[in-house]
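In what follows, a structure is listed as structure tokens, so that the remarks can point back to it.
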2 protein chains.
Amino acid sequence: MFRPLLKYDYDFMAARRVGRFGFKDSEISKLGGKLKAFNKKHKADKNNPDLSFCRLPYDRDSVKQISKLARRLRRKFKNLVVVGIGGSDLGAKAIYQALAGDFANLKSNRGKNLKVYFIGDTVDPEPMADLLKILNLKETVFYIVSKSGETIEPLASFLFLRKKLIWKTGYKKHKEHFIITTNPGKGVLFDIAEKEGYLLAEHYAGGGRFSVLSVNGLLPAACAGFEISDLLAGARAMAKNAKRNNQWKNLPFFFASLQYLAYKKRKQSISVLMPYAYYLRNFAFWFRQLWGESLAKEFNLKNKKVNLGLTPIAALGPTDQHSQIQLYNEGPHDKIITFIKVGGFPNNFKVPKYKDSAAIYLAGHKFKEILNIEQRATAVSLMKNKRPNGAIILPALNEYYLGQLFYFFEMAALYLGELLEINVFNQPGVEQSKKYMYGLLGKEGYEKDKKEINNF
Amino acid sequence: MFRPLLKYDYDFMAARRVGRFGFKDSEISKLGGKLKAFNKKHKADKNNPDLSFCRLPYDRDSVKQISKLARRLRRKFKNLVVVGIGGSDLGAKAIYQALAGDFANLKSNRGKNLKVYFIGDTVDPEPMADLLKILNLKETVFYIVSKSGETIEPLASFLFLRKKLIWKTGYKKHKEHFIITTNPGKGVLFDIAEKEGYLLAEHYAGGGRFSVLSVNGLLPAACAGFEISDLLAGARAMAKNAKRNNQWKNLPFFFASLQYLAYKKRKQSISVLMPYAYYLRNFAFWFRQLWGESLAKEFNLKNKKVNLGLTPIAALGPTDQHSQIQLYNEGPHDKIITFIKVGGFPNNFKVPKYKDSAAIYLAGHKFKEILNIEQRATAVSLMKNKRPNGAIILPALNEYYLGQLFYFFEMAALYLGELLEINVFNQPGVEQSKKYMYGLLGKEGYEKDKKEINNF
């Protein structure tokens, strides 16, 4: 079966459309010389753990293991609760919403497919309390994910839930209700798992925000009943595309080039992602972390202080036509906008005819047709206001194209970091606040930080 | 019963904390002279429909009528579906999430309180299809809200749902399942309501994004079982505060002054709202519309082209510590951050002790205490990186303080618009795309727009 690549339409990003706020082919061309060198480096660098995300689409062994585990969990449980934060949470959440929708957990049951809940991205006690009121714990398995095994939010939630489960099922049985993914060999979570005998699901060595196609994203997806091998097949198609050295054909590099020019040459430092698909809201939040953490750095690779950063914004069409489009059309020229359009929605709902009414113009139009018209009208009006905007076009919203989409953005982030000459894989700017937290919570070794923060 | 005002802590916004990126009392002082004139104008201008939001907190008659209608709906139905977009949707959604939480609709029932769903903010057919699968239509009432009565998304959804209901309940009975709020006397929705005899719930004359304390927000809130008179009592307390002519005591004006200085004097054009409360996520989206539409304008009041605009960002703590704080700490100096802290969460969940573990430092800490520690650590680390940040402190998350919070931001938007010399109540930048949409959908009178958009 031939399945095409997603498309990227950059017509309204071009200078011929939006004047000096847009981009000329000649300046895009100039960046092309770097692509071959980047690709060569990626190929040579294949043992670099940071680049291990590039190997995930080919990891058929993991798919087998994850599928096997998921089959077992689907037989035993009704609910899976993901307890993670950031990269351990956003990818799985994006997949579940994109493919199961917003109302899946409201169905009386999902057959053999588990309902998936997300709770570990906060220590707010209220959602935890509310979730516990509606879950039958005996039918629930908890998937605890923390790369370091030290992350405060999932760790606190895990210890709390562990006690609840022991109380509910007894000590011996409670162990079956937890699956843990963490850095093997070190960290609190690993120590506890080893000592108590919780099941450790294989760990992905790379960075959290590049981990959606590892067990972090795939185990919840498989439990929810999705074809994880198709997610990877989509990612492989995009990976193949990203090996091309032609800058006009390599989609992630081309996309990265425009983001680079916008930031460096036009002071358009805000990058909006605006899907016209209700169930891609969480995808936009996944993107927001990828851009926010990867592409903002105080120092560049030459250790020069740059305080560089593209600010990502997660938007939604048509909802934000009634919230943000006023700003995007009339505000400062500091944004570029990327729409996501979905070619084929399964539902064919139409607006019915209402007799003698000024609404007659709506009659007979399919909902999905109106959605596309709204996107088109918004894009053209932005273009007329000299606001550069492009569109990613997905043939359908399914595992395969979602796999393409994830990998497209991951590779685009990698290329964009290389063009900007920064390290996309670290996040030094969050270390200080972690130390303060440890200090205030009384963790050993952070007495100095405690003293410091208490001075303010 | 004495209930205090929310607090605004601006310590880390000050120049003494964040150097040249922060603000000196002397420059704040200079703006104070304008406050008295603004307040005088508001008082004199009380028949201005734009300012009618200032009268909502005192409208006890509406509360009575809305409560009466809600009592009737609560007896007859189990579900209320809000069909609106933008200002007709975001406020009601913010209230419902803040007070009922994320999992209320997953309970088998809410007793006499209706479950509230939101669907009209898109024409994506998928959520509509999914929602219809789980709702018992006979137990469901639809609340259709559109100021103009012409808004495409709720109009399309309404016509579609109307047909479904007729099919399900018969023509005569289906009318009981719809309540409509729209501009009386004109618009398609009004015409249909008159002709068919749907119940028209009183309309609020002011702008959508300032309408949360009108029937738009209050009817869903009352149906959900919340004390709407307390929402207004909170708003009145803030309204009283906003009448003060002392710039250091008038909280919305003081907040607006800092946002103004950030934008005009420091090129900090991005305003982040980051609640440390999981159920204030939708509140941040309500804020995002208020700021995005009110405070971005191509022309100022003197008709000078300014392309001015504060870009609002809806963030969330601690979730975004693992997504956006890297950017906020190390990226460009283009942001100011406002936290919302909640003083008292009802739940007292604690982290249990786990023997012999490096997690011992967490043992015994309450979740809500950890949440506050996380906010504090984040605020201090931002301050040390010279990133101005302030905090709104709510004593509790209930109707009363939510009412204060809504009114605080509404008045702050009004003052900020006055400082920036723009009209906060219009949104000319969305008109062109509406015309294109009408053109593409074949509405009469928009043939020229159709021709124009088809040229691109």
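With a 10 Å cut-off around each Cβ of B:32-39, the average count of Cβ atoms from other chains is 0. Summing Lys and Arg as +1 and Asp and Glu as -1 over all other residues whose Cβ lies under 14 Å from the Cβ of B:LEU371 gives a net charge of -2.
Taking the label point 7 Å along Cα→Cβ, A:TYR58 and its counterparts in the other copies are spaced 7.3 nm apart, in ascending order.
Take every DSSP beta bridge whose two residues both sit in the protein assembly as shown; close to 15 percent of them are antiparallel.
Among DSSP beta bridges lying fully in the stretch A:280-405, give the percent that are antiparallel, nearest 5. That works out to approximately 35 percent antiparallel. Label-point spacing at B:GLU194 relative to the other copies reads 7.8 nm, in ascending order, each point sitting 7 Å out from Cα along Cα→Cβ. Peptide packing: for A:178-190, A:439-451, the average count of neighbouring Cβ atoms within 10 Å per residue gives the ranking A:178-190, A:439-451, highest mean first.
State the Cα centre-to-centre distance between the stretch B:369-384 and the stretch A:180-202 in whole Å. Cα centroid of the stretch B:369-384 versus Cα centroid of the stretch A:180-202: 29 Å apart.
Legend: mean number of C-beta atoms from other chains within 10 angstrom of residue C-beta atoms, peptide B:157-164, equals 4. About its Cα centre, the dipole of chain A is roughly 1080 debye, where the only charges are +1 on Lys and Arg Cβ and -1 on Asp and Glu Cβ. Among the listed pairs B:LYS107/B:LYS168; A:LYS68/A:LYS186; A:LYS24/A:LYS305; A:LYS335/B:LYS186, those with a Cα-Cα distance over 31 Å are A:LYS335/B:LYS186.
With a cut-off of 9 Å between beta carbons, the residues surrounding B:ASN79 carry a summed charge of +1, where Lys and Arg count +1 and Asp and Glu -1.
Neighbours of B:ILE134 by Cβ distance under 11 Å: Lys/Arg scored +1, Asp/Glu scored -1, total +1. Other protein chain C-beta atoms within 10 Å of residue C-beta, averaged over A:391-401: 0. Peptides B:13-26, A:163-176 ranked from most to least packed give B:13-26, A:163-176, packing being the mean of other C-beta atoms within 10 angstrom over each peptide's residues.
Charge dipole (Cα centre; +1 on Lys/Arg Cβ, -1 on Asp/Glu Cβ; no other charges) of the protein assembly as shown amounts to roughly 240 debye.
For chain B, adding -39500 (n - 2.57) for each run of n ≥ 4 DSSP H residues and dividing by the number of residues yields -14000 deg cm²/dmol at 222 nm. Ignoring lysines fewer than eight residues from B:LYS30 along the same chain, the ones with Cα atoms less than 16 angstrom from its Cα are B:LYS249, B:LYS264, B:LYS265. Using the structure shown, select from A:LYS76/A:LYS175; A:LYS78/A:LYS115; B:LYS304/B:LYS434; B:LYS172/B:LYS195; A:LYS115/B:LYS112; A:LYS195/B:LYS355 the pairs with a Cα to Cα distance greater than 18 angstrom. The answer is B:LYS304/B:LYS434; A:LYS115/B:LYS112. Label-to-label distances for B:ASN347 across copies, nearest first, come out at 3.1 nm, using points 7 Å from Cα in the beta-carbon direction. Put the Cα centre of the stretch B:158-175 next to the Cα centre of the stretch A:304-356 and the gap is 32 Å.
None of the figures in this text is laboratory data; all of them are computed from the coordinates on show. Keep in mind it's a predicted model, so treat the numbers as computed, not measured. Don't worry about glycine lacking a Cβ; one is built from the backbone with ideal geometry, like all the others, and counts go over all protein chains shown.
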